[in-house]
Amino acid sequence: MKSKNRVSFPRAGVALSVAMALMLPGTALMAQGQPGAQGAAEAGGPGGDPFNLPDTVTLFGKNTPNLRRATAIVNGDIITGTDVDQRLALVIAANGGKISDEERTQLRAQVLRNLIDETLQIQEAKSADATIDDSEVNDTFARVAQENFHQDVNALDAYLARVGSSSASLKRQIKGELAWQRVLRKNVQPFINVSQEEVKELIAKMQAQKGTDEYHVGEIYLSATQESKPSVAANANRIMDQLRQGGSFVAYARQYSEASTKVVGGDLGWVRLSQLPTELAAAARDMQPGQLTGPVEMRGGFSIIYMIDKRKVLTADPRDAILALKQISIDFPKGTSEADANKRATEFSAAIKGAKGCGGVDAAAQKIGANVVANDQVKARDLPAALQQTVLAMQPGDSTQPFGSVTEGVRMLMLCGREEPKDAGAPNFDQVLGQMEDERVNRRAQLYMRDLRRDAIIEYN
């Protein structure tokens, strides 16, 4: 069946936070099982070496790649040191400015590689007569300012200048992303075909797996050869350390990952274990939402996995229940001791639990000087993880135990009603079709980008 222009590419800039907007799009995945990779290895004879290289290599001359200035000429288009500096400033700002000298050097090299890819994508768009007008770039830039900064473009200009970058640098990134999306829509997407039989077969598999676990996974993929494996593994471990210290997974995925999903912060979407490579499936099986694991060694490189969420296939998730809640809170006067706060919290809890449900809680709260805020559209999954299961187990009129601190005060939540989530039902044909088309476009995009790099003429200064 012919594809129907339903492939959904992320809109550049619309979902970008500062950290996300700083990072660059790319499709440099060295995919496991990528067409042609296996054949090339087999052609090389013993050991899978396609070039029959000797075990001992003697180098002539002195190689000093780190002494080069970080500039390049890509098919005649110049990437200046200023271009690299301004994009690097964005990345450092996204990480709170806490970058070691060693990581700064690695980031600089990565930024240059990303700028080269970005240049190739813009050039390809021009060759394919799929260029991006300045008005489109400016409109997206304005959306970034409004939707992510809640300010106008002048405020965003000022912020970029303050961190050592510029609006021109971010606009160039936006142009590259828009250009690549347009190239894929013109040169790849029309040639992607998914038959009705394939869609029906996948839907049948999903229905057969109803009730089994499905995982919302994020991935940072780093390719590695046999020779580069130690250094890539070390880099992956450094990224893990930064993520454990609170670094943004989305930001690091957009900067470091070599998978096509880097443009959406490494988000693989909802997948089943059978859809993942064996190594990743084994790592993801026992992970809980919010957990991070890696680096996981796999054929062709290493992956860092982030478990965003879990659910049951085609089964209603209790966390999608819509709750009607009342939050009751009290504050403590400045200087209140821990003992006095505990005593006051106990009295507060007894008063609220004695209110006999949501109808009487306002009067009870008024007697003890507590504040009440009501909301009847709270999704259970939006509550803090520590409270989700507690609230879901409650009946209307029940309340949680007091929680809070001496400085922040104490709160309780009372359940006033609950609207149960509807069963997921049968998967939508068009949605499944769109997902399958997206996957095939992404695989073609990886090969497309590989060919552009292979054919490029790049001069380094």
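Within region 355-375, count every residue that is farther than 20 Å from Asp331 by Cβ and surrounded by 13 or more Cβ atoms within 10 Å (Cβ to Cβ).
Residues that pass the stated criteria total 3.
Of the conditions (1) open to solvent by less than 30 Å² (accessible area, probe 1.4 Å); (2) at positive phi; (3) over 40 Å from the mean Cα position of the chain (by Cα), Ala341 fails just one. Which one is it?
(2)
Return the pairs, sorted by first residue and then second, in which the second residue is open to solvent by less than 90 Å² (accessible area, probe 1.4 Å), the first residue lies in region 339-355 and is part of a loop (DSSP other than H, G, I, E, B), the beta carbons are less than 6 Å apart, and the residues are 6+ apart or on different chains.
Pairs found: Ala355/Val361; Ala355/Ala364.
Can you confirm whether Arg311 is of a type in the set (Lys, Arg), open to solvent by 40 Å² or more (accessible area, probe 1.4 Å), over 17 Å from the mean Cα position of the chain (by Cα) and farther than 24 Å from Arg244 by Cβ?
yes
Whether any residue in region 403-410 is in contact (Cβ under 8 Å) with a residue 12 or more places away in the chain, aliphatic (A, V, I, L, M) and in contact with a Phe, Trp or Tyr (Cβ under 8 Å, 6 or more places away or on another chain) is what I want to check.
yes
State whether the residues of region 420-437 include one that is within 30 Å of Arg182 (Cβ to Cβ), part of a helix (DSSP H, G or I) and acidic (Asp, Glu).
Yes, some residue in region 420-437 is within 30 Å of Arg182 (Cβ to Cβ), part of a helix (DSSP H, G or I) and acidic (Asp, Glu).
Being of a type in the set (Asp, Glu), free of Cβ contacts under 8 Å to residues at least 24 places away in the same chain and under 27 Å from Gly76 (Cβ atoms) is the filter here, so list the residues in region 427-461 that pass it.
Asp451, Asp455
Output the number of residues of region 314-331 satisfying the condition of being open to solvent by 40 Å² or more (accessible area, probe 1.4 Å) and either of a type in the set (Ser, Thr, Tyr) or at positive phi (or both).
1
Return a yes/no flag: does region 171-184 have any residue that is within 26 Å of the chain's Cα centre (by Cα), modelled with pLDDT of 90 or more and at positive phi.
no
Within region 107-141, can you find the residues that are farther than 17 Å from Tyr448 by Cα and outside any helix (DSSP H, G or I)?
If the condition is that a residue be farther than 17 Å from Tyr448 by Cα and outside any helix (DSSP H, G or I), then Thr131, Ile132, Asp133 are the ones that fit.
Out of region 244-299, which residues are more than 30 Å from Arg108 (Cα to Cα) and hydrophobic (A, V, I, L, M, F, W, C)?
Trp270, Val271, Leu273, Leu276, Ala281, Ala282, Ala283, Ala284, Met287
I want to confirm something. Restricting to region 344-354 and keeping residues that are over 28 Å from Glu420 (Cα atoms) and within 43 Å of the chain's Cα centre (by Cα), which single residue is most open to solvent (accessible area, probe 1.4 Å)? Spell out the reasoning first.
Step one: filter region 344-354 for residues over 28 Å from Glu420 (Cα atoms), giving 344-348, 350-351.
Checking the rest, the ones that are also within 43 Å of the chain's Cα centre (by Cα) come to 345-346, 348.
On the way: Ala345: 16, Thr346: 94, Phe348: 1 Å².
Out of the qualifying residues, it is Thr346.
Find all pairs meeting these conditions: Cβ atoms under 8 angstrom apart; at least six residues apart or on different chains; first residue within region 215-240 and more than 28 Å from Asp317 (Cβ to Cβ); second residue open to solvent by less than 30 Å² (accessible area, probe 1.4 Å) and of a type in the set (D, E, K, R).
Arg238/Glu103
Consider Gly397 carefully, then state whether it is touching a Pro at 6+ places or on another chain (Cβ under 9 Å) and at pLDDT 90 or above.
Spelling it out, it is not the case that Gly397 is touching a Pro at 6+ places or on another chain (Cβ under 9 Å) and at pLDDT 90 or above.
Return the residue satisfying two criteria in turn: it lies in region 83-106 and is among the polar types (S, T, N, Q) and assigned to a loop (DSSP other than H, G, I, E, B), and of such residues it is surrounded by the most Cβ atoms within 10 Å (Cβ to Cβ).
Selected residue: Asn95.
Got at least one residue in region 428-440 being buried (at least 16 other Cβ atoms within 10 Å of the Cβ) and either more than 21 Å from Lys186 (Cα to Cα) or over 26 Å from the mean Cα position of the chain (by Cα) (or both)?
Yes, region 428-440 contains a residue that is buried (at least 16 other Cβ atoms within 10 Å of the Cβ) and either more than 21 Å from Lys186 (Cα to Cα) or over 26 Å from the mean Cα position of the chain (by Cα) (or both).
Please list, ordered by residue number, the helices (runs of 4 or more DSSP H) wholly in region 197-291 having 2 or more residues that are open to solvent by 70 Å² or more (accessible area, probe 1.4 Å) and within 23 Å of Leu88 (Cα to Cα).
Result: 229-244.
Looking at (1) touching a Lys or Arg at 6+ places or on another chain (Cβ under 8 Å); (2) over 20 Å from Ala259 (Cα atoms); (3) modelled with pLDDT of 70 or more, find the lone condition where Ala70 falls short.
Unmet condition: (3).
The values are calculated or read from the model by the stated rules, or taken from the named source; none is laboratory data. For clarity, every value in this text was computed on a predicted model and none was experimentally measured. Ideal geometry is used to build each Cβ from the backbone, glycine not excepted, and the neighbour counts take in all protein chains shown. When the accessible area is computed, the model is the full protein with side chains, heavy atoms only, and any ligands, DNA or RNA have been set aside. Shrake-Rupley method; radii C 1.70, N 1.55, O 1.52, S 1.80 Å.
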